[in-house]
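J.: Structure below; questions to follow.
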Amino acid sequence: MSDTDDEFEAFSAAPETEDSPLGVMTRLIDTEGMFSFLKTGEARIAVFMRHFPKEKQGRIVLGELALPRFQGGLARLGSWLLQRATWFQGPDYILMIDQDWWDGARPEAQEALVFHELMHAEHAVDRDGELKFDDEGRPVWSLKGHDIEEFREVARRYGDWSGEIGTFVDAARIGGVT
């Protein structure tokens, strides 16, 4: 095994169990009306476990939903996928979860993270606000940014699941905002 082969062990496909990120995601898409567009649009979401820490602005990235564009931070995953191209059918989204965090997290926090990441998914719209479809009639997918550092819906549903929402609220109160 060469040094480059070690790099490709940085990711693994999420297991197909009820309590894995894939199982949690599937349950949320099947049961939560706000994600019904992913089900009716037959969004293909590949779920991977990341086996190395990833930092962004000094914080560990617990999970991320991305469109399958392999540049920058996704270059390592793209290389890993291309090595396994015989089974790779091209997902609409890629969901990556930090394996170490997942293994130590409470089930409620795990669900909150997957819920948060699914909140980034949206059906793209054109300039006139009409839903976009490709030449085969499939939805064109896009990513939605945060409405605050955390999505309001995630905070409403799960509270301070990550320990960061309380810090944000406290900072807003200190700044005179309630």
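J.: State the percent of C-alpha pairs, over all pairs in the range 20-60, separated by a distance greater than 14 angstrom.
T.: In whole percent, the share of Cα-Cα pairs in the range 20-60 beyond 14 Å is 59.
J.: Here is a further query. Which of the lysines could a cross-linker span from Lys56 if the Cα-Cα distance has to be under 28 Å and same-chain partners fewer than 8 positions apart are dropped?
T.: Here the lysines satisfying the reach criterion relative to Lys56 are Lys144.
J.: Using 7 Å Cα-to-Cβ label points, what is the Ala124/Glu32 separation (nm, one decimal)?
T.: Output for this residue pair reads 2.4 nm.
J.: In whole Å, what is the distance between the alpha-carbon centres of the range 14-31 and the range 57-75?
T.: Centre-to-centre distance over Cα atoms comes out at 20 Å.
J.: Using 0.36 nm times the number of residues separating Ser12 and Arg44, minus their current alpha carbon distance, what extension gain do you get?
T.: The Ser12-Arg44 span can extend by a further 9.8 nm.
J.: Something else: Please turn the phi angles of the range 136-143 into ³J(HN,Hα) values with the Karplus equation 6.51 cos²θ - 1.76 cosθ + 1.60 (θ = phi - 60°), one per residue in order, whole Hz, x for glycine and proline.
T.: Karplus-based 3J(HN,Hα) across the range 136-143 equals 8, x, 7, x, 8, 9, 9, 10 Hz.
J.: Then there is this: According to a simple spin-label model (label point 7 Å from Cα along Cα-to-Cβ), what is the distance in nm between Arg106 and Arg157?
T.: Distance between label points: 1.7 nm.
All of the numbers you see were taken from the coordinates with simple rules; none came from a lab. Remember, it's a predicted structure, so these values are computed and weren't measured experimentally. Here Cβ is always computed from backbone atoms with ideal geometry, including for glycine, and neighbour counts include all displayed protein chains.
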